[in-house]
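Taking it in order: structure first as structure tokens, then the write-up.
Values in this text are rule-based calculations from the coordinates and carry no lab data. Treat the numbers as computed from the prediction; the structure is a model and nothing was measured. Backbone-built Cβ (ideal geometry, glycine too); neighbour counts: all protein chains shown.
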């Protein structure tokens, strides 16, 4: 029923009894944002951060709360979810019902890719709906690796380890180049967004997560001023790169089509 199993009610957290503050993980696809957010969720200290404005997430939550017309929406049709009739009131209602079910430690976390921020908030941010926000900016230093991973996921439909590939991965220099250009443009847009607002986010990289995940989580908890530390940190998701990614990188760098 759910495209993402963690959208089911069995994954809900106890409804908060007091005020809830919000933080946003500002990112792009293939930066390790799922790894970061899943580990924060599993720590039990910082809510259940997730990409709640992704079309797949919108579809599941709408279906969960009675919008049966979304039941057959899958695959390419998902791109339509969130584009039609999502005014501020409807968006507020969606975030409010998610926040009531996915907060802990006094915090609600939202992962926000650049293109989803622009779709729902234009040049602004989610503060009118969430109140004051703490920002975490996650990037990947190696843009070529990111572009290869993005191009592969876009082609196969496998964005996480929970999904299977709908199509086999086929090398496309043009697709990788397009993803590289998208990364450059959207990272520039995030930087312009932070400059306009004079916001100083906590800055992390995908490489930080891979090299020292516990240390990266400690930095996030300190940024959010969350007391206490989990006894043990275990990642619920791991990077998906494999030999195919390595072969595509070599082929791209040699200039072969």
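Spacing of the modelled spin labels on residue 84 and residue 185, each 7 Å from Cα toward Cβ, amounts to 2.6 nm.
Just order 2-12, 23-33, 136-146, 90-100 by mean Cβ neighbour count inside 10 Å, highest at the front, would you?
Going by the mean number of other Cβ atoms within 10 Å, highest first, we get 23-33, 136-146, 90-100, 2-12.
For the chain, the longest principal axis of the Cα atoms and the long axis of helix 243-253 meet at an angle of about 60 degrees.
P(r) tail for the chain: Cα pairs beyond 29 Å make up 30% of the total. Kindly express, to the nearest 10 degrees and within the range 0 to 90, the angle between helix 55-64's C-alpha long axis and the longest C-alpha principal axis of the chain. Around 40 degrees separate the two axes.
In this rough spin-label picture, where each label sits 7 Å from Cα along the Cβ direction, the residue 194-residue 225 distance is 2.1 nm.
Taking packing as the residue-averaged number of other Cβ atoms within 10 angstrom, the listed peptides 220-227, 106-113 run from highest to lowest as 106-113, 220-227.
Applying 1/(1 + (r/R0)^6) with R0 = 51 Å to the Cβ-Cβ distance of residue 251 and residue 12 gives a FRET efficiency near 0.70. Each of 243, 74, 173 was scored by other Cβ atoms within 10 Å of its Cβ. Listed from fewest to most, they are 243, 74, 173. Cβ-Cβ distance of residue 203 and residue 71, R₀ of 30 Å, FRET efficiency by 1/(1 + (r/R0)^6): the value works out to about 0.15.
Helical runs assigned H by DSSP (4 residues or longer) give the chain a calculated mean residue ellipticity at 222 nm of -13500 deg cm²/dmol, each run adding -39500 (n - 2.57) before division by the residue total. Going from the fewest other Cβ atoms within 10 Å to the most, the residues 84, 13 appear in the order 84, 13. Starting from the Cα of residue 64, step 7 Å toward the Cβ, then list every residue of the range 90-120 with an amide N under 12 Å from that point. From the range 90-120, the list is 94-103.
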